[in-house]
1. Keeping every protein chain present and rolling a 1.4 Å probe, give me the accessible area per residue for the chain in Å².
2. Given 25 °C and 0.890 mPa s, how large is the Stokes-Einstein diffusion coefficient of the stretch 1-86 in µm²/s, with Rh as the Kirkwood radius over Cα pairs?
3. In the chain, carbon and sulfur make up what percent of the accessible area (probe 1.4 Å)?
4. Show me the helices of the chain, taken as full DSSP H stretches, that run 18 Å or more along their long axis by Cα and average 1.6 or above in Kyte-Doolittle hydropathy.
5. Can you compute the helix-only [θ] at 222 nm over the chain? Use -39500 (n - 2.57) per DSSP H run of at least 4 residues, normalise by all residues, nearest 500 deg cm²/dmol.
6. Using only the alpha carbons of the stretch 18-143, what is the convex hull's orientation-averaged projected area in square nanometres?
7. Would you mind getting me the FRET efficiency between residue 56 and residue 12? Use the beta-carbon distance for r and R0 = 30 Å, nearest 0.05.
8. How big is the dipole moment of the chain about its Cα centre under a simple scheme where the beta carbon of each Lys and Arg is +1, that of each Asp and Glu is -1, and everything else is neutral? Debye, nearest 20, please.
Amino acid sequence: LGLGAQLAAHFAGPATNEQQQLVTNRNVLAAVLEAVLAALYLEHGFPAIAPAIVDAFSARIEFALTNQVDHKTELQEQLARLGQAVVYVLLQTEGPPHQRTFTSAAMVAGQQAGVGSGSSKKDAEQEAARQALAGLPAAASER
């Protein structure tokens with residue numbers, strides 16, 4: 001859609017380094033795309049825009065349906081269905097810099113839902129999410 005270029009076109013004068021970073025940042029562009037889709041939905045309604053969105057994202061939809069999602073993503077999606085969110089908290093870091101072990105907790109509604117350890121913060125969070133998923137009510141995981 002060229003959203004980054006369209007954003008850059010609205011800058012007054014030549015783009016600064018910071019502006020150039022913004023219009024090429026994946027997170028910023030994802031947020032802009034989300035806002036555009038929301039505006040289309042609000043303006044035209046779901047039935048009018050659904051076919052175009054499904055068509056545009058069909059490859060990603062198929063990938064998501066046929067591939068295992070990581071534990072953190074799965075937990076986030078399950079909790080979103082329940083109107084909740086997860087926050088990861090680093091509990092402990094052990095070992096020398098070249099051989100660290102991280103321990104993280106998955107916190108849901110202020111309660112510790114799972115704890116995990118790993119050689120990176122990401123690995124520890126994945127394990128904490130796996131444990132939190134195991135503790136979710138069955139009805140939440142079947143939706």
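The values are calculated or read from the model by the stated rules, or taken from the named source; none is laboratory data. These numbers come from a predicted model, not from an experiment. FYI the Cβ positions are ideal-geometry reconstructions off the backbone, even for glycines, and counts take in every protein chain you see. Ligands, DNA and RNA are excluded from the accessible area calculation, which covers all protein heavy atoms including side chains. Shrake-Rupley method; radii C 1.70, N 1.55, O 1.52, S 1.80 Å.
1. The answer is 70 Å² per residue.
2. Values: Rh = 15.7 Å.
Approximately 156 µm²/s, per Stokes-Einstein.
3. Carbon and sulfur together cover 56 percent of it.
4. Values: long enough: 26-44 (26 Å, 1.11); 121-134 (20 Å, -1.21).
The answer is none, since no helix passes both cut-offs.
5. Details: 8 runs with 84 residues, N = 143.
About -17500 deg cm²/dmol.
6. Values: hull surface 45.3 nm².
Its average projected convex-hull area is 11.3 nm².
7. On the way: r = 31 Å, r/R0 = 1.05.
After rounding to 0.05, the efficiency reads 0.45.
8. 200 debye
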